[in-house]
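Before any comments, here is the structure.
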Amino acid sequence: MQALSDEQLLLELRGSKAALAFRALYERFAKKLYKLAYQKTASTEIAEEIVQEVFVGLWEKRENLLIGNVENYLLSAVRYQVINHLRTVIAQRKFVEPQEQTQVLTQEAELPLTVEDLQNALEKSLEVLPEKTRQIFRMSRYEFLSHREIAQRLDLTEKSVEYHITQALRHLRTHLRDFLMVLILGYL
């Protein structure tokens, strides 16, 4: 099985040699996926869990997967698992007792990807938006104004406000792909 290409192994995942094909894919990519997960989380345990989740998902979905490039698919899956992990850390932080909060913040400070990094990336990405779109987005997400309130303040229609917010979100989705899940949690 080791001599087969990635695409051939994917086909075998659906056939009678699924277990062998899965093992070959695992042996081929596990170390690389672990390295990526470890770089993003700085935790051996979490990196191992993420790699396990990715391969469990691959096994469970093997019959219905439409994958063009196996390596890209697996690397993207790891990135999404890292984002899910960060989302969980952020959600837990909201409910941690104040005396425990210092410990959680210390652990999070060790993560290569921090909330501060996300905020900086968001601000840089917003700076390239047209002024009106940036202003409307900030009113919506930072001042928590409704579309109606923004429309009234800026003498616009609600549809126009929706358009600008849609444009801003489309831009952010494109420019902040790696941070998307964390941004959704924090800003939507």
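The values are calculated or read from the model by the stated rules, or taken from the named source; none is laboratory data. Everything numeric here is computed off the predicted structure, so don't read it as measured data. Positions of Cβ are backbone-derived with ideal geometry, glycine not excepted, and every protein chain shown enters the neighbour counts.
A few comments on the model shown:
- The stretch 1-45, subset in contact (Cβ under 8 Å) with a residue 40 or more places away in the chain and assigned to a loop (DSSP other than H, G, I, E, B), residue nearest to Ala77 (Cα to Cα): Ala42
- Counted residues, the stretch 50-72 - those being without any contact (Cβ under 8 Å) to a residue 12 or more places away in the chain and within 17 Å of the chain's Cα centre (by Cα): 1
- Filtering Leu13, Leu20 for residues that are of a type outside the set (D, E, K, R), at pLDDT below 90 and closer than 16 Å to Asn69 by Cα leaves a single hit, Leu13.
- Single condition Ala37 does not satisfy, out of (1) in contact with a Leu (Cβ under 8 Å, 6 or more places away or on another chain); (2) crowded, with 18+ Cβ neighbours inside 10 Å: (1)
- Scanning the stretch 140-158 for residues that are modelled with pLDDT under 90 and either part of a helix (DSSP H, G or I) or touching a strand residue (DSSP E or B) at 6+ places or on another chain (Cβ under 6 Å) (or both) gives Ser140, Arg141.
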